[in-house]
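Note sheet for the following structure.
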Amino acid sequence: MRTRKSKSLYEKAVMLMPGGVNSPVRAFRAVGGSPLFIKKAKGSKIYDVDGNEYIDYVLSWGPLILGHSHPSVIKALKSAIDKGTSYGAPTPLEIELAQMVIKAYPSIEKIRMVNSGTEAAMSAIRAARGFTGRDKVIKFEGCYHGHADGLLVKAGSGATTFGVPDSPGVPESYAKNTITLPFNDIKAFKDVIQKERKKIACVIVEPVVGNIGCVLPREGFLEALRNETQKYNIILIFDEVMTGFRITYGGAQSYYRIKPDMTCLGKVIGGGLPVGAYGGKKEIMSKVAPEGPVYQAGTLSGNPIAMTAGIETLKILSKKGIYQKLEKTMQHLEEGLKDAAKKAGIKTKFYRAGTMFCTYFTDKEVFDYKTAKTSDTERFARFFRGMLNKGIYLAPSQFEAGFISLAHTKADIDKTVKAAYMTFKEIK
Ligand SMILES: *Cc1c(COP(=O)(O)O)cnc(C)c1O
């Protein structure tokens, strides 16, 4: 691949922005080399400034479940833009998206739109603290809930990739109210609840951990979170920013049949524009301003452009057969990748929930942060580079989920599997 233009843009970018990027994992630090600069994207493909074409499994880190620049979304956006970009006053569109989300997530009775997943998680926790009058938060190792101060403790995503689970700049006093436990460890969870239950406002969890790859909840784990929190009036928050409208239309809570008290959403509900949302039980959400005293606001929250992209995306996703189609494509990819690894004689572990997935380079079962870290990241880096050279664009880190979209075709998957087989052999 010729990447001369990307390289020269990167040289400019590093002079202007930390690491040359506006979000850390976009830089190729974990895999070597420098990032590609993208010119355009359509369907399952992205195109860099040097004119190379790639099949994209990043999909802007999850939101683009319909594929890039879906014609209906783009058409709706063009017509929305003609009416102005933001009014800072209520619009019917906010009601429409709120109704669509609430219909799909019965645990959400009232919802507030924000501009990112970070804001959603930060605000949900504030509401939970305001409601319970308690301070402590339980989170799980490797779960990423955005970059709010108190949540950057043993967080996944870039924080895991770069081995700085605890970020400088976060005062100890912020982090001290965050209790971090291993994912899937029911005993550790119950022990802490017994000791601290009167001080704990909420438990926040990624029901499927997408920010250390793809780690599934073991049988009984999410149930234990639900039962214990219910016993002691602790708020259970499902951070479904990644899983929401992704693993099924109703997210992990519908898939695993657990009803949390609050839910965070983002990514897919923005259809590629900056959107987040948090919601839950009426009595908790009624604490949020202006109905209640818990302050939370946003200049561009619920703006008509972002709402339009979300509405149009959910409209398409709610049609019959969409998730079956996604599932079929995903099964094809799963079988192909597993088969390719086996034929090439390389040890991998593949996990997925709906259309989020991860291949780890380990022979150990992966069920939490520690076991995810057994993956050979040096081997992953070589896999990443080998795939990129063959026109397959994966997330430039072992500890990120991959995604497919409605636009991925059988031909895309076949090409990907073939590339994976060749790359597995190269890196053995
Ligand atoms: C991506 C993500 C976030 C953060 O969302 P941003 O829009 O990047 O702020 C929070 N929680 C989870 C589970 C995520 O996957």
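The values are calculated or read from the model by the stated rules, or taken from the named source; none is laboratory data. Bear in mind that the values here come from a model prediction, so they are computed numbers and not experimental data. Methodologically, a virtual Cβ is constructed for each residue, glycine included, from the backbone with ideal geometry; neighbour enumeration extends over all protein chains shown. With ligands, DNA and RNA removed, areas are computed over all heavy atoms of the protein, side chains included. Shrake-Rupley method; radii C 1.70, N 1.55, O 1.52, S 1.80 Å.
Counting only residues at least eight positions apart within a chain, or on another chain, the lysines with an alpha carbon under 21 Å from that of LYS428 are LYS338, LYS342, LYS343, LYS347, LYS349, LYS364, LYS373, LYS390, LYS415, LYS418.
Other residues whose C-beta falls under 10 angstrom from the C-beta of ILE235 contribute a net charge of +2, scoring Lys and Arg +1 and Asp and Glu -1. Here LYS195 is the anchor, and the aspartates and glutamates within straight C-alpha reach of less than 19 Å, apart from those fewer than 8 places off in the same chain, are ASP135, ASP185, GLU228. Take the Kirkwood radius over Cα pairs of region 239-379, plug it into Stokes-Einstein at 25 °C and 0.890 mPa s, and you get 137 µm²/s for translational diffusion. Past 24 Å, Cα to Cα: identify those pairs from LYS110/LYS199; LYS7/LYS40; LYS198/LYS281; LYS176/LYS259; LYS7/LYS45; LYS42/LYS425, in the order given. Over 24 Å apart, Cα to Cα: LYS110/LYS199; LYS176/LYS259; LYS42/LYS425. On the principal axes of its alpha carbon atoms, the chain extends 57, 54, 47 Å, with the longest extent given first. Extending 7 Å from Cα along the Cβ direction at SER79 and again at LYS7 yields two label points whose distance is 4.7 nm. Out of the total accessible area of region 71-317 (probe 1.4 Å, heavy atoms of protein only), what percent is carbon and sulfur? Roughly 54 percent, rounded to a whole number.
Of all the options ALA289, ALA155, ALA306, the one that moves most in a Gaussian network model of the chain with Cα springs shorter than 10 angstrom is ALA289. Each 5 Å bin, from zero up to the one with the longest distance, holds this percent of the alpha carbon pairs of region 356-426: 3, 16, 24, 26, 17, 10, 3, 0. Peptides 119-129, 9-19 ranked from most to least packed, by the mean per-residue count of other Cβ atoms within 10 Å: 119-129, 9-19.
Do the sum for the chain: with -39,500 (n - 2.57) for every DSSP H run of n ≥ 4, divided by all residues, what is the mean residue ellipticity at 222 nm, to the nearest 500 deg cm²/dmol? Before the final figure, lay out the partial values.
Working: 15 runs with 164 residues, N = 428.
Using -39500 (n - 2.57) per qualifying helix, the result is -11500 deg cm²/dmol.
Between region 398-428 and region 254-277, the alpha-carbon centres lie 27 Å apart.
Here, P(r) means the percent of Cα pairs in each 10 Å bin from 0 to the largest distance; for region 71-317 it is 8, 33, 36, 18, 5, 0.
Using a ≥ b ≥ c from the Cα gyration tensor of region 43-177 (square roots of the eigenvalues), is it rounded, prolate or oblate, where a/c under 1.5 gives rounded and otherwise the larger of a/b and b/c decides, a/b for prolate?
oblate
Rolling a 1.4 Å probe over the heavy atoms of the protein chains gives region 123-262 an accessible area of 38 Å² per residue.
What figure in square angstrom, to the nearest 10, would you give for the accessible area of HIS332 with a 1.4 Å probe? The accessible area of HIS332 comes to roughly 60 Å². Let me know the shape class of region 18-63, please: from the alpha-carbon gyration tensor, a ≥ b ≥ c as square roots of the eigenvalues, rounded when a/c is under 1.5, otherwise prolate if a/b is greater than b/c, or oblate. The shape class here is prolate.
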